[in-house]
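One structure below.
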Amino acid sequence: MKYSTTIEHFQDSPIWGFHMPVSHEVAEQFIEGNDRRIICTINGQETIQAALMPSPLGYFIMTNKKLVGKLGLYAGASVELVIEKDTSEYGLDMPDELRELLNQDDEGSDHFHALTKGKQRSLIYIVAKVKNTNSRLNKALAIVHHLKEFQGKLDFKALNETIKYYNNL
């Protein structure tokens, strides 16, 4: 579905930044129960996986300052979106390194898949944001080790320490 909107910026929020408002009517076409995951192409240039986030005025799609700058956009700029339902398993592309470790480690896989979809995406993002294959593998190893050590519970401070340890191996 094609949709025209603008880039907006939450001025009064220390957490939320750039976003693209979406009307209730459009958003509800993609929402199935609690699943609000979509794939959004901005101005025919960049495709992102995102969620339709609820707001009092409708919904919005978060984006980041880096992408806004890369596309030469600014608050108030008009954008053309192509929105489609994200039917992927995790809502992000699973890095090969993490997928292979989970395939080989039943306990790690059980802990990973017992997490909420949002926590799974957070861990996938930690691995996927790194370009270097060895660094992705080290992050994946650290995550699986952490999940097993903490019985499937996430302690991001401890996880960061585990990642630092694995990065120094």
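Details
- Exactly one residue among Tyr59, Tyr3 is open to solvent by 40 Å² or more (accessible area, probe 1.4 Å), of a type in the set (Ser, Thr, Tyr) and touching a Leu at 6+ places or on another chain (Cβ under 8 Å), and that residue is Tyr3.
Residue by residue, here is whether (1) buried (at least 20 other Cβ atoms within 10 Å of the Cβ); (2) of a type in the set (S, T, N, Q) holds:
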site: Pro95; (1), (2): yes, no
site: Lys119; (1), (2): no, no
site: Asn132; (1), (2): no, yes
site: His146; (1), (2): yes, no
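- For His111, the criteria (1) at pLDDT below 95; (2) buried (at least 16 other Cβ atoms within 10 Å of the Cβ) hold in every case but one, which is (1).
- Restricting attention to the range 69-122, the residues that are among the β-branched types (Val, Ile, Thr) and in contact with a strand residue (DSSP E or B) (Cβ under 7 Å, 6 or more places away or on another chain) total 3.
- Subset of the range 19-45 (residues that are open to solvent by 50 Å² or more (accessible area, probe 1.4 Å) and within 19 Å of Val79 (Cα to Cα)): His24, Glu25, Asn43, Gly44, Gln45
- Every condition in (1) buried (at least 17 other Cβ atoms within 10 Å of the Cβ); (2) touching a Gly at 6+ places or on another chain (Cβ under 8 Å); (3) modelled with pLDDT under 95 is met by Leu101 except one, and the failing one is (3).
- Taking the numbered list (1) surrounded by fewer than 16 Cβ atoms within 10 Å (Cβ to Cβ); (2) out of contact with any Gly (no Cβ under 8 Å at 6 or more places or on another chain); (3) not in a loop (DSSP other than H, G, I, E, B) in turn, Trp16 passes all entries but (3).
- Of all residues making up the range 59-113, the number that are under 23 Å from Ile126 (Cα atoms) and either of a type in the set (D, E, K, R) or not in a helix (DSSP H, G or I) (or both): 25
- Filter pass, Ala140 being part of a strand (DSSP E or B), over 15 Å from Ile7 (Cβ atoms), open to solvent by less than 50 Å² (accessible area, probe 1.4 Å) and among the small types (Gly, Ala, Ser): no
- When Gly91 is tested against (1) without any contact (Cβ under 8 Å) to a residue 40 or more places away in the chain; (2) under 27 Å from Thr133 (Cα atoms), just one condition goes unmet, and that condition is (1).
The values are calculated or read from the model by the stated rules, or taken from the named source; none is laboratory data. For clarity, every value in this text was computed on a predicted model and none was experimentally measured. Heads up, the Cβs are rebuilt from the backbone with ideal geometry, glycines too, and the neighbour counts pull from every protein chain shown. We work out accessible area using only protein heavy atoms, side chains counted, and drop any ligands, DNA or RNA first. Shrake-Rupley method; radii C 1.70, N 1.55, O 1.52, S 1.80 Å.
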